[in-house]
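> One structure, as C-alpha cells, below. Some questions next.
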Amino acid sequence: MEEQLRTLAKMQSLDDEIGRYKVLQHELPKQLEEIIVSVEQATADLLACETIRAEIGKKQRSLEAEIKAHQEQSKKYATQLSEIKNNKEYKALNSEISYLKNKISEVESVLLELMDQDAEAKEKVAEAKVELEKAEKCKSDKEGDLRHQIETLDSKIETVRNKRNDLARTLPVAVVKHYGSMIKNKNNQAVAFTREGSCGACGFVMRQQTRIELQLKRKLIYCENCARILMNKIEEPEDEDM
Ligand SMILES: [Zn+2]
C-alpha cells in the first residue's frame, strides 16, 4: 500500500507538471502575439508621427514660397515706384507694397508657429523611434525562444505523460480509473495531501476514523467530500489547491 501511495503521489506530481505545461500552451502564444502586435503598433505610431511632421514641413515650404513671391512682387513695385509721376498711382502702388509687407509678416508669424510645431513633431518622431527600437529588441530577444518553447511543449507533455502512464501500469486498474477521472474532473488534482486534519484540496474536515485509516495505510482512502485520494505527506511534494 505504501508503494501504491508513493506511485500515486509521483503520478500527481507528473500531472502537476503537465498542468503547468498546459498553462504555458495557453499563455505563451498570447505572449508571442503581444510582442508581435507591439512592434506593429510601434511601427504604425512612428509612421503617424512622421506623417504629421512631413505635413508640417510641406506647409512650411509652401509658406516660404509665398513669402518669396510676395517679396519679389514687392521689389517689382518698389522699382516701379521710382518711375511713377502720377500721385494717385504712386499712392495706390505704395499701399500695395504695404499690403504685401503686412502679408509677409503675417505669414512669417505663422511660420514661427510652424517651427514650434515642427520641433514638437520632431521630438515625437524621436520618441516613437525609441519605442519601436524597444519593441523590436524585445521581439528579437524573445520571439525565437517563445516559438521554440511553444513548439516543444507538445513533446514535453508527451514525455511526462508517458512517464505517468508507466507508473499507472503498476497500479490496479480500478485505482487508475479513479485517478484518471479525478484528474479529468477535479481540476487536474487526483491526490490530496491532508492538511491539519482536512483534505488539502477541498478543505473537508476528516472524521477521526478516516485519520486513523490514513495512518494505518491498509487501503486507499478517499475524501468523503471531493472523492480525491487522500494521503498524509510523504517526503515533500507540493500540493496546490486550485
Ligand atoms: Zn476533499
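> Which condition number does Phe193 fail, the rest of (1) within 16 Å of the ligand (Cβ to nearest atom); (2) without any contact (Cβ under 8 Å) to a residue 40 or more places away in the chain being met?
For Phe193, the failing item is (2).
> Scan segment 196-218 and tell me whether some residue there is within 11 Å of the ligand (Cβ to nearest atom), at pLDDT 95 or above, outside any loop (DSSP other than H, G, I, E, B) and in contact with a helix residue (DSSP H, G or I) (Cβ under 9 Å, 6 or more places away or on another chain).
no
> Between a first residue in segment 86-113 that is small (Gly, Ala, Ser) and a second residue that is surrounded by fewer than 12 Cβ atoms within 10 Å (Cβ to Cβ) and at pLDDT 95 or above, which pairs have beta carbons less than 6 Å apart while being 6 or more apart in sequence or on different chains?
Going by the 6 Å Cβ cut-off, there are no qualifying pairs.
> Ok, one more. Could you tell me how many of the residues in segment 1-17 are aliphatic (A, V, I, L, M) and either without any contact (Cβ under 8 Å) to a residue 24 or more places away in the chain or surrounded by fewer than 17 Cβ atoms within 10 Å (Cβ to Cβ) (or both)? Before you say what the answer is, go through the steps one by one.
Applying the first criterion (aliphatic (A, V, I, L, M)) to segment 1-17 yields 1, 5, 8-9, 11, 14.
Checking the rest, the ones that are also either without any contact (Cβ under 8 Å) to a residue 24 or more places away in the chain or surrounded by fewer than 17 Cβ atoms within 10 Å (Cβ to Cβ) (or both) come to 1.
Selection size over segment 1-17: 1.
> One residue is enough: does segment 148-159 have a residue meeting the conditions at pLDDT 95 or above, within 16 Å of Lys10 (Cα to Cα) and not in a loop (DSSP other than H, G, I, E, B)?
Within segment 148-159 (the criterion being at pLDDT 95 or above, within 16 Å of Lys10 (Cα to Cα) and not in a loop (DSSP other than H, G, I, E, B)), the answer is yes, since at least one residue qualifies.
> What residue, of Lys137, Lys124, Lys88, Lys75, is surrounded by 15 or more Cβ atoms within 10 Å (Cβ to Cβ) and in a helix (DSSP H, G or I)?
None of the other options fit; the residue is Lys124.
The values are calculated or read from the model by the stated rules, or taken from the named source; none is laboratory data. It should be emphasised that the depicted structure is a prediction, and the values quoted were computed from it without experimental measurement. Neighbour counts are summed over all protein chains in view; Cβ atoms, including those assigned to glycine, are modelled from backbone coordinates with ideal geometry.
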